[in-house]
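No lab work stands behind these numbers, since they all come straight from the coordinates. Everything numeric in this text was worked out from a predicted model, so none of it was measured. All Cβ positions, glycine included, derive from the backbone under ideal geometry; neighbour counts span all protein chains shown.
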Amino acid sequence: DIQMTQSPASLSASLGETVTIECLASEDIYSNLAWYQQKPGKSPQLLIYYANSLNDGVPSRFSGSGSGTQYSLKINSLQSEDVSIYFCQQNYDSPPTFGGGTKLELK
Amino acid sequence: VQLVESGGGLVQPGKSLKLSCSASGFTFSSYGMHWIRQAPGKGLDWVAYISSSSGTVYADAVKGRFTISRDNAKNTLYLQLNSLKSEDTAIYYCARSFFHYPGYWGQGVMVTVSS
């Protein structure tokens, strides 16, 4: 199975700050990567697919980038509603696998 | 898109349970569907997938114990859980495919395996 390693595991940032979350795949996943946001007590929601495509309704302050084995999620101008756990997921090979998650909190 | 899971609960190790996911707001028969689980306080763990033509794929951890199925006439997805273990304790989410990703998620249903 392809292993997905997210970093950092937790992150504390201030309102208005820019934050970046990284995801490293154990092999090339050819941009078959998604990012999900899970707010406390809620189900996950798809933010980004194919590494850099923004899902409908997702604020433009979210962006994804990367290729090969290295991918990142960037949140510009952090808002209070962005407090969540973020997960990456590869869809290149079966089984689909998720990263361990990054918990984003406000400083 | 609305997905509503049901059928969860407390079950003893070795027993069985059947989860349902009622779908509405889209043409259910046209989409692949996923089951994904999340143990309390843990990350996401993909469980199984069924295509629109009913082809199935399973995670190794559940292969031979869980069965995913669908009834397009009832707009319902199922997950039959047999030979349950304590490590199967989790919230189980169904999700509709979006470009093969789990794009739309239900609210989840809790399964607790304990004696």
Per residue of B:87-95, count partner chain C-beta atoms within 10 Å of its C-beta, then hand back the mean as an integer.
1
Listed residue (B:VAL47, A:LEU15, B:SER29) projecting farthest to the positive dipole end of the protein assembly as shown, Cβ model
B:SER29
Let's test the formula: R0 of 45 Å, r as the Cβ-Cβ distance of A:LYS103 and B:ALA73. What FRET efficiency results, to the nearest 0.05?
0.60
Where in region B:88-103 does the label zone of A:TYR50 land, with the point 7 angstrom along Cα→C-beta and an amide N cut-off under 16 Å?
B:98-103
Is there a quick way to get the dipole size of the protein assembly as shown? I mean about its Cα centre, with the Cβ of Lys and Arg at +1 and of Asp and Glu at -1; what is the value in debye to the nearest 20?
600 debye
Determine the gain in length on full extension of the stretch B:SER6-B:LYS42; use 0.36 nm per residue of separation and subtract their C-alpha separation, reporting nm with one decimal.
10.8 nm
Along the dipole axis of the protein assembly as shown (charges at Cβ: +1 for Lys and Arg, -1 for Asp and Glu; origin at the Cα centre), the most positive-end residue among A:SER63, B:SER20, A:TYR30 is B:SER20
Relative contact order of chain B, pairs being alpha-carbon contacts under 8 Å that are 6 or more residues apart, as %
36 percent
Give the order of A:TRP35, B:TRP105 when sorted by the count of other beta carbons within 10 angstrom, beginning with the fewest.
B:TRP105, A:TRP35
Note: chain B, point scatterers on Cα, Debye, no solvent; log10 I/I(0) at q = 0.19, 0.21, 0.23 Å⁻¹ equals -0.93, -1.13, -1.34
Highest GNM mean-square fluctuation, chain B, Cα pairs closer than 10 Å: which of B:GLY14, B:GLY43, B:GLY103?
B:GLY43
Over 20 Å between Cα atoms, which of B:LYS42/B:LYS85; B:LYS18/B:LYS42; A:LYS39/B:LYS85 qualify?
B:LYS18/B:LYS42; A:LYS39/B:LYS85
With B:THR76 itself left out, Lys, Arg at +1 and Asp, Glu at -1 over residues whose Cβ is under 15 Å from its Cβ give +2
Can you give me the distance in nm between label points at B:PHE99 and B:GLU87, each placed 7 Å from the Cα along the Cα-to-Cβ direction?
3.4 nm
